[in-house]
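As structure tokens, the structure follows; a few thoughts come after it.
The values are calculated or read from the model by the stated rules, or taken from the named source; none is laboratory data. The structure displayed is predicted, hence computed values, not measured ones. As a convention, Cβ positions derive from the backbone with ideal geometry for all residues, glycine included, and neighbour counts pool all protein chains shown. Only protein heavy atoms, including side chains, enter the accessible area calculation; ligands, DNA and RNA are left aside. Shrake-Rupley method; radii C 1.70, N 1.55, O 1.52, S 1.80 Å.
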Amino acid sequence: MILLSILDILIWVLGLVSLVYQVVCILAGLFARQVRFPDAPMDKHYAVLISARDEESVIGNLIDSIRAQTYPSALIDIWLVADNCSDDTARIVREKGCHVVERFNQELVGKGYALSYLLDHMIDSGASERYDAYFVFDADNRLDPHYFEEMNKGFHAGFKILTSYRNSVNLSDNWVSSGSALWFIRESRFLNNSRMVFGSSCHVGGTGFMFSREIMQRNRGWKFHLLTEDLEFTMDSVLHGDRIGYCGTAILYDEQPVTFAQSWRQRLRWSKGFLQVFRYYAPYLIRRAIRERDFSAVDFTLLVCPFMFLSLIRFSLGFLFAAFGFVSWSTQVGAVGGWLGASVLGALGMMVLACLTIVSERGHIGATNKELFAYVLSFPIYMFSYVPISFQAIFSRAEWKPIEHRGA
């Protein structure tokens, strides 16, 4: 059938283009020199925005790491929105001398809504005008002492939006935390670093990023409320022609889920969020890629492309047509065999990718060689678990739910 052939060609072409691009990024990450920003005066006034829900066990660590920065403390103000908290998060943060805004809303749930509420409060009170730029962190984060100093260099270099190197405090806990941590380290070294080398826009992660007052005013605060509000912010910025920068010398540590159930729930939300972003932003990204010849738009179209959804449609149609006699069963079984063969190669490729990430970033990874060897073997399992997660995301109604943090 022509329709099946078209779907096969589309999936394989998109997959091949994506694979080639990933390989080019890896080579650039391995051999190109990391972009470093020149020294700059430490004279900008920054606001830290934190959304926290029942984070009394970890929030003090983040605030202490912010206060321990080499950047002048008088130029960093901490603002926290205690979002539907039932613990002592708000009290702890107030006692540490930070600004606290409490929010109670069980209908509009999620980090995006909490950030909107916080920034709206700052705008209405006039406090937002005091700051040159805003940083967004999660409550479980910790920062390298030079974090603000390094990000300040990127801001002085002209970047209105800037993201940073994302590491983990608990990579070596088990195969679940290591899989997530290696994925984020890979993104920093082999994607965002390579995008800087290519001169294209980088991807803002859910934490550890900065945007200027100009960007905040253009967006009238924070207007992003999809399940992956960070990805939505990235797409909107690219469509506005912003080039998002990456500062690899600014290191942030966060805590990864340690149970498979927590990881599944978190990644289900991410997968659903990717589908939402594709639905709302893909047509505009494709149009910008064609009209403006914007490589960043091409890059992020591939990033949000729902390969699992396309594959599900293709195989569902294939077996449906075979059941009605329009095509032979042997061709469909052969197609499945081809995908299984590609999956085996994909598993080997993931092991190689994990190895390259570990070797190139060994100085930033706190684990024994024995543990790292085991995590290389388990990394494909972690990644292939995205298959049922992505499948579930197509049909389920994923909701934002907090991840319990232990303060590792």
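Hey, what number do you get for the chain at 222 nm if only DSSP H runs of n ≥ 4 count, each worth -39500 (n - 2.57), divided across all residues, to the nearest 500?
Values: 15 runs with 223 residues, N = 408.
Counting only the DSSP helices, I get -18000 deg cm²/dmol.
At a threshold of 8 angstrom on Cα-Cα distance, excluding pairs fewer than six apart, so keeping six or more, what relative contact order does the chain reach in percent? List each step's numbers first, then the result.
Details: 638 pairs, mean separation 83.7, N = 408.
Across the chain, relative contact order equals 21 percent.
Which far-off residues, 5 or more places away or on another chain, put their amide H under 5 Å from the one on Gly208, with H placed in the peptide plane? Amide H neighbours of Gly208: Val136, Phe137, Asp138. Near the amide H of Glu102, under 5 Å away, which other amide H atoms are found, from residues 5 or more places off or on another chain, if H is placed in the peptide plane? Correct list: Ala82.
Place a +1 charge on the Cβ of each Lys and Arg in the chain and a -1 charge on the Cβ of each Asp and Glu, then give the dipole magnitude about the Cα centre in debye, rounded to the nearest 20.
On the way: 38 positive and 40 negative charges, 230 e Å.
Roughly 1100 debye, rounded to the nearest 20.
Kyte-Doolittle cut-off -0.5, length cut-off 18 Å along the helix's own axis using Cα: show which whole DSSP H helices in the chain pass. Walk me through the numbers on the way to the answer.
Values: long enough: 2-31 (43 Å, 2.44); 111-125 (21 Å, 0.06); 260-291 (43 Å, -0.53); 307-323 (24 Å, 1.92); 329-360 (46 Å, 1.45); 369-384 (24 Å, 0.78).
Passing helices, by number: 2-31, 111-125, 307-323, 329-360, 369-384.
For Ile6, the accessible surface of its heavy atoms amounts to roughly 100 Å² (probe 1.4 Å, protein chains only, rounded to the nearest 10). Placing unit charges on the Cβ atoms only, positive for Lys and Arg and negative for Asp and Glu, gives the range 1-122 a dipole magnitude near 480 debye about its Cα centre.
Each of Gly179, Ser212, His146 was scored by the projection of its Cα onto the charge dipole of the chain, and the greatest displacement toward the positive side belongs to Gly179; charges sit on the C-beta of Lys, Arg, Asp and Glu. Only one residue of Phe307, Pro380, Ser51 has its Cα farthest out toward the positive end of the dipole of the chain, where Lys and Arg carry +1 and Asp and Glu -1 on Cβ, and that residue is Phe307.
Based on alpha-carbon centroids, what's the gap between the range 1-65 and the range 158-216 in Å, whole number please? Using only Cα atoms to place each centre, the spacing works out to 4 Å.
With a 1.4 Å probe and all protein chains left in place, how much accessible area per residue does the range 60-203 have, in Å²? Don't skip to the answer; put the middle values down first.
Values: 4880 Å² over 144 residues.
Each residue of the range 60-203 exposes 34 Å² on average to a 1.4 Å probe.
Rounded to the nearest 20, the Cβ-based charge dipole of the range 107-168 about its Cα centre (Lys and Arg +1, Asp and Glu -1) stands at 220 debye. Springs join every pair of Cα atoms under 10 Å in this Gaussian network model of the chain, and among Leu75, Leu30, Leu302 the largest mean-square fluctuation is at Leu75. Across the accessible surface of the range 245-400, with the other protein chains kept in place and a 1.4 Å probe, carbon and sulfur atoms take up 70 percent.
Write down the Kirkwood hydrodynamic radius of the range 68-154, to one decimal in angstroms, obtained as one divided by the mean of 1/r over all alpha carbon pairs. Computed over Cα pairs of the range 68-154, the Kirkwood hydrodynamic radius comes out at 14.4 Å. Pairs spanning more than 32 Å between alpha-carbon atoms, out of Lys153/Lys223; Lys96/Lys370; Lys160/Lys370: Lys96/Lys370; Lys160/Lys370.
Dipole orientation for the range 265-395: of the candidates Val327, Tyr284, Leu268, Tyr284 has the Cα lying most toward the positive pole (charges on Cβ; Lys, Arg +1; Asp, Glu -1).
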